[in-house]
1. Could you list, in sequence order, the residues of segment 52-84 that are over 13 Å from the mean Cα position of the chain (by Cα), surrounded by 13 or more Cβ atoms within 10 Å (Cβ to Cβ) and not in a loop (DSSP other than H, G, I, E, B)?
2. Out of segment 12-51, which residues are touching a residue at least 40 places away in the same chain (Cβ under 8 Å) and part of a loop (DSSP other than H, G, I, E, B)?
3. Quick check on segment 141-148. Is at least one of its residues of a type outside the set (Val, Ile, Thr), crowded, with 17+ Cβ neighbours inside 10 Å, within 20 Å of the chain's Cα centre (by Cα) and over 15 Å from GLY74 (Cα atoms)?
4. Tally time: how many residues in segment 1-11 are part of a loop (DSSP other than H, G, I, E, B) and out of contact with any strand residue (DSSP E or B) (no Cβ under 9 Å at 6 or more places or on another chain)?
5. Mind checking which residues of segment 1-22 are within 18 Å of VAL61 (Cβ to Cβ) and open to solvent by 30 Å² or more (accessible area, probe 1.4 Å)?
6. If you check THR122 against the conditions, is it on the phi < 0 side of the Ramachandran plot, over 13 Å from the mean Cα position of the chain (by Cα) and of a type in the set (S, T, N, Q)?
7. Just to be sure, is LEU112 at pLDDT 95 or above, part of a loop (DSSP other than H, G, I, E, B) and open to solvent by 20 Å² or more (accessible area, probe 1.4 Å)?
8. If you check GLN88 against the conditions, is it closer than 20 Å to LEU171 by Cα and not in a strand (DSSP E or B)?
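The values are calculated or read from the model by the stated rules, or taken from the named source; none is laboratory data. This structure is a prediction, so every number in the text was calculated from the model and none was measured. Don't worry about glycine lacking a Cβ; one is built from the backbone with ideal geometry, like all the others, and counts go over all protein chains shown. Note: areas computed on protein heavy atoms with side chains; ligands, DNA, RNA excluded. Shrake-Rupley method; radii C 1.70, N 1.55, O 1.52, S 1.80 Å.
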Amino acid sequence: MAALIEAARAPDYPAEIVGVLSNRAAAPGLQTAAANGIATASLAQSKFPSRDMFEDTMTQVLESWGADYVCLAGFMRILGEDFVNRWQGRMINIHPSLLPAYKGLNTHERALADGATEHGCTVHFVTPGLDEGPAILQARVPVLPGDTPDTLSARILVEEHRIYPEALRMLASGEAALA
């Protein structure tokens with residue numbers, strides 16, 4: 001999220017970060033956004049009687065900000081089909097693997113356990129299936145001898161910060177679209 005904020009500062013960047021929404025009040029991204037003069041909101045899913053009500057409220061907040069796109073960054077909830085369809089073609093996510101490999105959690109541990117020689121990250125369109133949306137960009141990182149989940153994650157994070165702003169730029173400028 002910080003990389004997106006930084007990229008959007010450029011006068012020729014085709015997107016503006018209008019708000020940061022989290023399902024955790026203590027998420028550091030909320031402080032980062034507020035320090036940059038960006039609107040913030042926190043909604044705890046546990047405070048809502050249903051996922052639909054939670055997601056309807058998220059949509060109301062996003063629409064109140066005039067959001068055209070939703071960029072997920074560390075939002076570790078599976079979103080309902082209605083919410084995903086509402087933002088179809090306008091919601092993207094960064095995932096720490098070369099999708100379709102290693103969907104879901106613990107991607108670095110799984111890649112190491114499998115003896116993978118390369119790993120990486122993917123920015124993809126969000127669709128109702130978990131980590132199944134079409135890729136916009138991927139970055140490959142070699143798996144080095146002696147790598148741990150932490151060392152591999154650190155190298156991949158550098159690439160995430162590089163490709164996520166580029167993928168949003170592509171989406172906002174019309175270079176990338178969900179077919």
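1. Matches in segment 52-84: PHE54, GLU55, ASP56, THR57, MET58, THR59, VAL61, LEU62, ASP82, PHE83, VAL84.
2. Within segment 12-51, the subset touching a residue at least 40 places away in the same chain (Cβ under 8 Å) is 13-15, 18-19, 21-23, 27, 29.
Once the filter is applied, which keeps residues that are touching a residue at least 40 places away in the same chain (Cβ under 8 Å) and part of a loop (DSSP other than H, G, I, E, B), segment 12-51 yields TYR13, PRO14, ALA15, VAL18, ASN23, ALA27.
3. To start, the set of residues in segment 141-148 that are of a type outside the set (Val, Ile, Thr) comprises 142, 144-147.
Still in the running and crowded, with 17+ Cβ neighbours inside 10 Å: 147.
Among the residues that remain, those that are also within 20 Å of the chain's Cα centre (by Cα) are: none.
No; the residues of segment 141-148 include none that is of a type outside the set (Val, Ile, Thr), crowded, with 17+ Cβ neighbours inside 10 Å, within 20 Å of the chain's Cα centre (by Cα) and over 15 Å from GLY74 (Cα atoms).
4. Applying the first criterion (part of a loop (DSSP other than H, G, I, E, B)) to segment 1-11 yields 1, 9-11.
Within this subset, residues satisfying the condition of being out of contact with any strand residue (DSSP E or B) (no Cβ under 9 Å at 6 or more places or on another chain) are 9-11.
Going through segment 1-11 one residue at a time, the tally reaches 3.
5. MET1, GLU16, ILE17, VAL18, LEU21
6. Values: on the phi < 0 side of the Ramachandran plot: yes; over 13 Å from the mean Cα position of the chain (by Cα): no; of a type in the set (S, T, N, Q): yes.
Considered against the rule, which asks whether it is on the phi < 0 side of the Ramachandran plot, over 13 Å from the mean Cα position of the chain (by Cα) and of a type in the set (S, T, N, Q), THR122 comes out as no.
7. Numbers: at pLDDT 95 or above: yes; part of a loop (DSSP other than H, G, I, E, B): no; open to solvent by 20 Å² or more (accessible area, probe 1.4 Å): yes.
No; evaluated as a whole, the condition is false for this residue.
8. Working: closer than 20 Å to LEU171 by Cα: yes; not in a strand (DSSP E or B): yes.
When the stated conditions are applied, GLN88 passes them.
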